[in-house]
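Novice: Sharing a structure below in structure tokens format, with a few things to ask.
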Amino acid sequence: MKNVGFVFTLLLLGIQCMGDPVFGPVADILEIEGQGGLEFERPVKSYELLIIQPGKNTQFLTGFQIEIIISDNLKRYSDNFAIDIYGSLSPAVSKTRKNYQGERIFSENLPRVNRLFINIPFGENRLEISSALGTYDITRSMPARAYPLALTIQPITKGLPSDVLDRAFYTIIKPIVEEKGILNLALEKADGLTKDDFDILIDNIAYTEEDTQNLVLKSGIHQLVINSQAAGSQLTNFTINAGQTTELKLKLQPKNTTLVFDLLEGAVVYLNGKLLDYKNHEPLAVEEGLNTIIIKIGNQKMTRKIEIKSGKSYNIALILDLDVKEY
């Protein structure tokens with residue numbers, strides 16, 4: 001008898017470990033990414049299972065909201081239906097399998113409301129508790145291993161009309177995400193520019209170029225400023241969306257290297273032996289390096305060598321002195 005009792009005890013424990021039976025055809029399997037702005041509308045009939053599981057992007061995912069829309073016709077029979085949600089399903093879900101084992105994490109009779117909301121956390125996150133009518137908050141932690149979930153709406157009384165049983169409840173599933181996102185900044189630098197030639201400011205906070213890879217920022221509009229003596233300053237605004245990655249590409253070009261002349265009318269200018277077609281006060285592109293400038297006015301000739309640096313502008317003006325002699 002002891003052996004029989006021992007076997008019987010093991011059998012009971014095995015049954016308890018199996019969890020709650022979950023039965024029904026799978027209406028759909030939703031794989032929902034953890035980014036803001038997503039929502040999935042699906043009809044669910046009595047006895048059907050709607051499977052909800054997180055996608056690959058869960059960095060900012062804090063939970064899911066299930067909204068159930070109840071038509072006026074179905075609302076008359078709301079006392080005859082119950083909503084159940086199961087987690088930790090086994091075996092692996094598929095559209096062809098109807099029998100599972102799981103852990104019931106939510107069970108309520110269908111209330112007489114037009115819309116019902118159920119908020120379910122993901123991981124160790126705690127969602128804000130809502131007191132709104134028709135809103136239910138699951139307060140227990142829901143680690144990743146507790147997913148996928150199965151939602152089912154089943155009649156709890158007999159004798160319901162067939163047209164009621166065949167009607168679908170409409171559901172809207174949304175991810176609940178933190179108000180954060182990721183920035184990846186890609187800078188295309190012209191030849192000769194290095195990371196030491198510019199400074200990066202985002203919302204007046206300094207970052208290195210390496211910092212701007214997978215940079216977590218609050219969702220909303222941000223300001224990016226790039227300051228560089230060689231490439232000038234660039235200012236741009238960009239938007240971070242909750243749970244999403246923003247790829248921002250900018251091209252850094254060296255500032256133009258120019259000469260600007262302010263000479264007397266009729267002055268002739270040669271640059272490195274070549275006659276220049278210049279106009280006063282208009283920038284003229286020039287290459288960096290040592291350059292020789294010759295200016296001729298009538299019979300007068302002036303020569304000057306200038307070391308020109310990239311990204312700089314040079315103003316060339318002729319200054320005439322007044323020579324006064326006393327006799």
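The values are calculated or read from the model by the stated rules, or taken from the named source; none is laboratory data. Being a predicted model, the structure only gives us computed values, none of them experimental. With ideal geometry, Cβ positions are generated from the backbone for all residues, glycine too; neighbour counts draw on all protein chains shown.
Novice: Of the conditions (1) assigned to a strand (DSSP E or B); (2) surrounded by fewer than 16 Cβ atoms within 10 Å (Cβ to Cβ); (3) not aliphatic (A, V, I, L, M), Gln65 clears all except one; give me its number.
Specialist: All conditions pass for Gln65, except number (2).
For (1) of a type in the set (Val, Ile, Thr); (2) at pLDDT 85 or above, each residue gets a yes or a no:
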{"residue": "Ile202", "(1), (2)": "yes, yes"}
{"residue": "Glu210", "(1), (2)": "no, yes"}
{"residue": "Leu217", "(1), (2)": "no, yes"}
{"residue": "Leu224", "(1), (2)": "no, yes"}
{"residue": "Gln229", "(1), (2)": "no, no"}
{"residue": "Ile240", "(1), (2)": "yes, yes"}
{"residue": "Lys251", "(1), (2)": "no, no"}
{"residue": "Thr257", "(1), (2)": "yes, no"}
{"residue": "Val260", "(1), (2)": "yes, yes"}
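Novice: Could I ask something else about it? So how many residues does the stretch 228-286 have that are outside the structural domain of Glu307 (by TED's automatic domain parsing), surrounded by fewer than 16 Cβ atoms within 10 Å (Cβ to Cβ) and β-branched (Val, Ile, Thr)?
Specialist: Final tally of qualifying residues: 3.
Novice: Now a separate question. Out of Leu116, Leu185, Leu151, which single residue is surrounded by 16 or more Cβ atoms within 10 Å (Cβ to Cβ), outside the structural domain of Lys75 (by TED's automatic domain parsing) and not basic (Lys, Arg)? Let's see the steps before the verdict.
Specialist: Details: Leu116 fails: outside the structural domain of Lys75 (by TED's automatic domain parsing); Leu151 fails: outside the structural domain of Lys75 (by TED's automatic domain parsing).
Checking each option against the conditions leaves just Leu185.
Novice: Answer with yes or no whether Thr292 is surrounded by 12 or more Cβ atoms within 10 Å (Cβ to Cβ), of a type in the set (S, T, N, Q), free of Cβ contacts under 8 Å to residues at least 60 places away in the same chain and part of a strand (DSSP E or B). Walk me through it before giving the result.
Specialist: Working: surrounded by 12 or more Cβ atoms within 10 Å (Cβ to Cβ): yes; of a type in the set (S, T, N, Q): yes; free of Cβ contacts under 8 Å to residues at least 60 places away in the same chain: yes; part of a strand (DSSP E or B): yes.
Judged against the criteria, Thr292 is a match.
Novice: Find the strands (runs of 3 or more DSSP E) located wholly in the stretch 101-174 whose residues include 2 or more that are under 30 Å from Gln59 (Cβ atoms) and of a type in the set (A, V, I, L, M, F, W, C), and list them. Before you say what the answer is, go through the steps one by one.
Specialist: Working: elements: 115-121, 135-137, 149-155.
Strands (runs of 3 or more DSSP E) meeting the threshold: 115-121, 149-155.
Novice: The conditions are (1) part of a loop (DSSP other than H, G, I, E, B); (2) out of contact with any Pro (no Cβ under 8 Å at 6 or more places or on another chain); (3) at pLDDT 90 or above, and Arg97 fails exactly one of them. Which is it?
Specialist: It is condition (2) that Arg97 fails.
Novice: Show the residue pairs that are 6+ apart or on different chains and have beta-carbon atoms under 6 Å apart, the first residue being within the stretch 55-76 and closer than 19 Å to Leu149 by Cβ, the second being among the small types (Gly, Ala, Ser) and surrounded by 14 or more Cβ atoms within 10 Å (Cβ to Cβ).
Specialist: Listed by first residue and then by second, the contacts come to Asn57/Gly34; Thr58/Gly34; Leu61/Gly34.
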